[in-house]
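These notes concern the structure reproduced below.
Taken together, the values in this text are just the output of simple stated rules run on the coordinates, not laboratory data. These figures come from a predicted structure and were not determined experimentally. In this analysis, Cβ positions are derived from the backbone assuming ideal geometry, glycine residues included, and neighbour counts consider all displayed protein chains.
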Amino acid sequence: MSALLLPNEILSMSAQAARLLVESGDGDGALLYLALLECGGDGDRAAARLRWGPNRLDPAWERLAAMGLAQPRAAAPAQPPRQDGRLPEYSRADVAAAFDREPAFQDLCREMESRLGRVFSDNDLRCLYTMYDYLSLPVEVILLLTGWAIDRERRQKQNPAARPRMPQLQKDAFRWKRLGLDTPERAEDYLRRQEAVDAREWAVLSAVGVTERRPAVEREREYIAAWVDMGLSDELIRMAYERTVYQKGAMNWPYLNKILSSWHAAGFRTPAQVEAGDRPPKRPARAKPRPEDFQPTPERIQKNNDWLDQFLAQQQKEGG
């Protein structure tokens, strides 16, 4: 039994268009062309109809435009990460299509499974595709992020076999995107600074009164990273810690940071400079009287002689 064709349910395609599509061998291009015909040339509706993301839609559109079967499409502005905390909703079909059609994503999946030591679940794949497609992080950046997250997990848990979960990696990816770490160069520069923090972490924690060896929590690392960037020594940090405890009665990270920031702004780099800079200026010492300052003046000598003459005359009158 043939399907019932209602009015407006028949699409027409020119023989030339069909020939171009067949000769190109471009399956995505043919599907997109049919979707555009069905949607009246509306690219967004066609993409929704096909359930394609930009990484699949844009190349197919460019190939159609090169064959003269579609108008060049203006590049859509890159979407920033959502500020409301909601994540993009990728279906299993979206991820499967990306895995089948995009070799770079397929290779990334395999490499990530190898590094994290497990076969990815559907949720793991959605997390990874969010990093790859929605955040548009290059593969190199995702791998750098993964290596950094593995090192952090092992350091914090003190377990050489520990590995992060994909939801945590996705959260880190959003943070890297906010920080602008979306190129290999920026990511590598950030990781170099993190290595400097790693090298100083325990020494700084010791300087601020931590006695039990442990990794710094995230907020502590942010303060430590700022002090390392300032070039502050452990001795200077210890001095600021002691003043913090004296003023507050206990350790207070924001107050300690305020002290160190003010010292850095003042140009203090050593405890000696702080001591000299914090002390009130000394009053100029009064000049010690010189021996010649005690020599009597001629007027004083004459006055003393007159007094002595009067005293002697008085003594003579009294028969002394």
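Can you tell me the equivalent ellipsoid semi-axes for the stretch 88-182? Use √(5λ) from the Cα gyration tensor, largest first, whole Å. Intermediate results must be reported in sequence, preceding the final value.
Working: eigenvalues 93, 47, 26 Å².
Calculated on Cα positions only, the semi-axes equal 22, 15, 11 Å.
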**Q.** Gln194 paired with Ser114, simple spin-label distance in nm, labels 7 Å along Cα-to-beta-carbon
**A.** 2.1
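Counting other Cβ atoms within 10 Å, which GluC sites (Glu not before Pro) in the stretch 181-263 have at most 13 and lie in a DSSP loop? Each step should come with its number before you reach the end.
Numbers: sites: Glu185, Glu188, Glu195, Glu201, Glu212, Glu218, Glu220, Glu222, Glu235, Glu242; in loops: Glu212.
Passing sites in the stretch 181-263 are Glu212.
If you take the beta carbon distance between Lys303 and Ala276 as r and set R0 to 45 Å, what does 1/(1 + (r/R0)^6) give as a FRET efficiency, to the nearest 0.05?
On the way: r = 51 Å, r/R0 = 1.13.
FRET efficiency, Lys303 to Ala276: 0.30.
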**Q.** Computed lengthening from Ser233 to Glu89, 0.36 nm per intervening residue step minus Cα-Cα distance
**A.** 47.1 nm
**Q.** Hypothetical label at Arg269: residues of the stretch 197-228 whose amide nitrogen lies under 13 Å (7 Å Cα-Cβ projection)
**A.** none
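Which of the peptides 125-133, 267-275 is most tightly packed, and how do the rest follow, going by the mean number of other Cβ atoms within 10 Å of each residue? Walk me through the intermediate numbers first.
Details: 125-133: 22.8, 267-275: 13.8.
Answer by packing, highest mean first, reads 125-133, 267-275.
Where Rh denotes the Kirkwood radius from the mean inverse Cα pair distance, what is Rg over Rh for the stretch 192-279? If you can, show how the numbers build up before the last one.
Numbers: Rg = 12.4 Å, Rh = 13.1 Å.
Taking Rh as the inverse mean 1/r over Cα pairs, Rg/Rh reads 0.95.
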Q. Straight-line reach from Lys258: which aspartates and glutamates have Cα under 13 Å away, leaving out those fewer than 8 places along the same chain?
A. none
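Let me spell out the model: positive unit charges on the Cβ of Lys and Arg, negative unit charges on the Cβ of Asp and Glu, origin at the Cα centre of the stretch 119-217. What dipole size does that give, in debye rounded to 20? Before the final figure, lay out the partial values.
Numbers: 17 positive and 15 negative charges, 85 e Å.
Result for the stretch 119-217 is approximately 400 debye, rounded to the nearest 20.
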